[in-house]
Amino acid sequence: MNNINLEINNEFIVINNNQNEWVKLNVGGQIIHTTLTTLTKEKGSMLGLMFKKDTTWKHTRDENGFILIDADPRYFMVILNFLRHGEIVVEPNLNYYGVLSLARYFGLNSLTDLIDNEENNKNSWSNLLEENFISNELDHNRWIVQRDSPGSNFILEEGKFKLINRAYLISKEQFSPDDGEIRIKGIWTKDSQEDFFQIATRSDGSNQGSPYFEVKNGIEFHYSRGQATIIGRGSILPSGMVKIKKQGEFFFGAGVPVHFEIFDDGCTVSFSLWETTHNTSITIETTCTNKNLTNYLVIHNREKINTNSMSSWISNLKVSRWDKSTPRRNRYRRLTEKKLNLNTSM
């Protein structure tokens, strides 16, 4: 590797690589490489003071000369990723309050403020609909099944609703974003790589008929063949630039449970998908201010042309509404299924 030398500089072990200054840390027994720029991102924090170039801080080192930090490396990596990217990324089973406690210890006010805001957010959603499909009979007080497409059908089995050949699952209750931001969460599993993911808000539940039986009106959150999109149907048209955020290879195969989360506040709409088998995720966001007189939730699938008996499973469905008069703080998104690689130098 060119232009690299190792030196001790201001009590740090630093690898100089052109303009980058890398520090070797031993955090609770885990070796982590990071940069001085990252560690001093929040200038007034204790962490920033520990690693600023004119510091008088006396660091303790291990037998290899790496700077010792007595902290859980899992929590410390969450902090480093926040300082690097401005986002909080948390492992599925990691104690969220452990991150908050360590952030407070290091005096990272921007991070603790975001966590506090997220806790306020979490407690401000009211549950409108929760459906685990645990019964073998459909709850007709909650749902209507539409089977206009030839060969379409459904099966209820083991906590999942199976959509077969362009079947529609339509809520009997309306969820208007005018009454407060709507959040839709659940798990989607495809039986075939060619099957589509299609969920619509602001819809009357009707379809366009043959040959594709697409949603006639509404905002559709769509995934197929490696691409996620937000589609306007009928007079409902997205009006803003589509913003895309992606982690890892964007690919969700057949048989892989995919978590989804949809937000619709009547203006901003967003769509996230993530799974843990290949550790991949994607989020897209845009704006749409068109309103609809009816606001049913529509869930359906579409198989590839000239292919029979295609199906998708949906489970763990939950619809919530933001019940505060103040807008939801969405300065960051918590990706709970994203795995952290503690051995990766960044």
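Taking Glu173 as the residue in question, decide whether it is under 15 Å from Leu297 (Cβ atoms), surrounded by fewer than 20 Cβ atoms within 10 Å (Cβ to Cβ) and modelled with pLDDT of 90 or more. Yes; evaluated as a whole, the condition is true for this residue.
The rows are residues; the columns are (1) surrounded by fewer than 16 Cβ atoms within 10 Å (Cβ to Cβ); (2) over 18 Å from Ser270 (Cβ atoms); (3) under 22 Å from the mean Cα position of the chain (by Cα); (4) of a type in the set (Ser, Thr, Tyr).
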position	(1), (2), (3), (4)
Ala200	no, no, yes, no
Gly205	no, yes, no, no
Pro211	yes, yes, no, no
Val215	no, yes, no, no
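Ser206 meets each of the listed conditions (1) at pLDDT 95 or above; (2) under 23 Å from Asn132 (Cα atoms); (3) polar (S, T, N, Q) apart from (2).
So, of the residues in the range 246-255 that are surrounded by 14 or more Cβ atoms within 10 Å (Cβ to Cβ) and at pLDDT below 75, which turns out to be nearest to Ile314 (Cα to Cα)? Filtering the range 246-255 for residues that are surrounded by 14 or more Cβ atoms within 10 Å (Cβ to Cβ) and at pLDDT below 75, the one nearest to Ile314 (Cα to Cα) comes out as Phe250.
In the range 153-165, the residues that are within 10 Å of Asn301 (Cβ to Cβ) and open to solvent by 20 Å² or more (accessible area, probe 1.4 Å) reach residues that are in a strand (DSSP E or B) and of a type in the set (Gly, Ala, Ser) with C-beta atoms within less than 7 angstrom, at least six apart or across chains, in these pairs: Lys162/Ser311; Ile164/Ser311. Beta carbons closer than 6 Å, at least 6 apart along the sequence or on distinct chains, pair a first residue in the range 258-273 that is under 15 Å from Ile231 (Cβ atoms) with a second that is among the polar types (S, T, N, Q) and not in a loop (DSSP other than H, G, I, E, B) for Asp264/Thr201. Here Val145 meets each of (1) surrounded by fewer than 17 Cβ atoms within 10 Å (Cβ to Cβ); (2) touching a residue at least 60 places away in the same chain (Cβ under 8 Å) with one exception, condition (2).
As an exercise: evaluate Leu273 against (1) touching a Pro at 6+ places or on another chain (Cβ under 7 Å); (2) outside any loop (DSSP other than H, G, I, E, B) and give the number of the one condition it does not meet. Answer for Leu273: the failing condition is (1). The single condition from (1) free of Cβ contacts under 8 Å to residues at least 12 places away in the same chain; (2) open to solvent by less than 20 Å² (accessible area, probe 1.4 Å) that Leu100 fails is (1). In the range 225-237, the qualifying residues are those that are touching a residue at least 40 places away in the same chain (Cβ under 8 Å) and within 21 Å of the chain's Cα centre (by Cα), and the one that is nearest to Asp264 (Cα to Cα) is Ile230. Which residue is modelled with the lowest pLDDT, if the candidates are limited to the range 30-59 and must be under 17 Å from Asn81 (Cα atoms) and in a loop (DSSP other than H, G, I, E, B)? Only one residue tops the list, namely Lys43. Annotation: of all residues in the range 176-196 being in a strand (DSSP E or B) and not aliphatic (A, V, I, L, M), the one that is most open to solvent (accessible area, probe 1.4 Å) is Lys185.
Considering only residues in the range 306-321 that are β-branched (Val, Ile, Thr) and either open to solvent by less than 10 Å² (accessible area, probe 1.4 Å) or in contact with a Pro (Cβ under 8 Å, 6 or more places away or on another chain) (or both), the one that is modelled with the lowest pLDDT turns out to be Ile314.
For the range 43-74, the set of residues classified as within 32 Å of the chain's Cα centre (by Cα) and open to solvent by 40 Å² or more (accessible area, probe 1.4 Å) consists of Lys43, Gly44, Met46, Asp70, Asp72, Arg74, listed by residue number.
Which of the residues belonging to the range 197-234 are part of a loop (DSSP other than H, G, I, E, B) and under 17 Å from Ala167 (Cα atoms)?
Filtering the range 197-234 for residues part of a loop (DSSP other than H, G, I, E, B) gives 204-206, 208-214, 216-217, 225-226, 234.
Selection gives Asp204, Gly205, Ser206, Gln208, Gly209, Ser210, Pro211, Tyr212, Phe213, Glu214, Lys216, Asn217.
Among the residues here, Ser224 does not qualify as in contact with a strand residue (DSSP E or B) (Cβ under 6 Å, 6 or more places away or on another chain) and crowded, with 16+ Cβ neighbours inside 10 Å.
Go over the candidates Arg147, Arg183, Arg202 one by one and state the one that is touching a helix residue (DSSP H, G or I) at 6+ places or on another chain (Cβ under 9 Å) and within 23 Å of Tyr223 (Cα to Cα). If you could, list the steps in order and put the result at the bottom.
On the way: Arg147 fails: touching a helix residue (DSSP H, G or I) at 6+ places or on another chain (Cβ under 9 Å); Arg183 fails: touching a helix residue (DSSP H, G or I) at 6+ places or on another chain (Cβ under 9 Å).
Exactly one of Arg147, Arg183, Arg202 is touching a helix residue (DSSP H, G or I) at 6+ places or on another chain (Cβ under 9 Å) and within 23 Å of Tyr223 (Cα to Cα), namely Arg202.
The values are calculated or read from the model by the stated rules, or taken from the named source; none is laboratory data. On a predicted model such as this, the values are computed, not experimentally measured, just so you know. Cβ coordinates were reconstructed from backbone atoms using ideal geometry, including for glycine residues, and neighbour counts include every protein chain displayed. Just the protein is used for accessible areas: all its heavy atoms, side chains included, with ligands, DNA and RNA removed. Shrake-Rupley method; radii C 1.70, N 1.55, O 1.52, S 1.80 Å.
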